[in-house]
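Written below as structure tokens is the structure these notes are about.
The values are calculated or read from the model by the stated rules, or taken from the named source; none is laboratory data. This structure is a prediction, so every number in the text was calculated from the model and none was measured. Don't worry about glycine lacking a Cβ; one is built from the backbone with ideal geometry, like all the others, and counts go over all protein chains shown.
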Amino acid sequence: MEHIAILQPDQHFLPKFAIIGHSQEKDYYNRGYYFSYHNIVGEKLTAGMPLTKDTARNIFSCLEGDLFKFSFKGMLPKTLIHFGFKGNLQLVWYVHPKQYTLYFDAKTGIRTGKYPLPKLVFSLVAKTLSVFALNRSDTLGDSTPLYHAPLLNINARGKVCMGTATVDYDGFEHYEDIMGFVEQQFFRSVFTETHHNNIAQGNIVQIMESNLDRPSFEDGILIKNNMTLNRLYEN
């Protein structure tokens, strides 16, 4: 005998409305979009009506706890450049130029040790990390030029190959802790190989060897990558 499951309102979530997306190809380059809101009566959709901003805001307010589950501890960090949530967590910040202990795979020919680095910009979008360099004499602004970070494991667009290191920050509550964790994971990872030919002016192995134990980095060997700072957050 066929059994029909009866949903009890106190035991299940019952469908009450639906949002339907529509698209129209206006021409080869353009496509129009439209969203309609439908109530559900019984087992049927009612006639649709345009989805208004107020309705969408009310619907997505129930997701606010998931979308904005991180917060700052107090005042915004001085090194923070941008933060937002456009479907994914987005953080952009810089770290001051200083000396770091860096770890290199033996095949690179570079010794593990203490190296100076320039001012760096970290861009975290979801779980993808990109790192760039800045000239310390440049004032931060939308049009500040970005440079290739003079490090291995970073491609020409700044994206970092973390290897076995993780940037899984789901266990954190505060943005500051996420930033610190990502920096730690990056600097403590093992640098293994070059990903492009414009890391810096000169042979990167020789550059690193000459910088071993030096107190500061010479910004004159940085190479611009034809991007400006606003490219990291205006998209």
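If you go through the range 196-214 and keep only what is surrounded by fewer than 16 Cβ atoms within 10 Å (Cβ to Cβ) and either in a helix (DSSP H, G or I) or in contact with a strand residue (DSSP E or B) (Cβ under 6 Å, 6 or more places away or on another chain) (or both), you end up with Asn198, Val205, Gln206, Glu209, Ser210, Leu212, Asp213, Arg214. Only one of the listed residues (Phe191, Phe181, Phe217, Phe186) is free of Cβ contacts under 8 Å to residues at least 40 places away in the same chain, buried (at least 16 other Cβ atoms within 10 Å of the Cβ) and either of a type in the set (Gly, Ala, Ser) or closer than 30 Å to Lys107 by Cα (or both). That residue is Phe181. For the range 105-120, filtering for residues that are surrounded by 19 or more Cβ atoms within 10 Å (Cβ to Cβ) and in contact with a Lys or Arg (Cβ under 9 Å, 6 or more places away or on another chain) leaves 4.
Each residue in the range 125-141 was checked for being surrounded by 15 or more Cβ atoms within 10 Å (Cβ to Cβ) and either outside the structural domain of Asn155 (by TED's automatic domain parsing) or among the small types (Gly, Ala, Ser) (or both), and 2 pass. With respect to (1) under 14 Å from the mean Cα position of the chain (by Cα); (2) surrounded by 13 or more Cβ atoms within 10 Å (Cβ to Cβ), the lone exception for His174 is condition (1).
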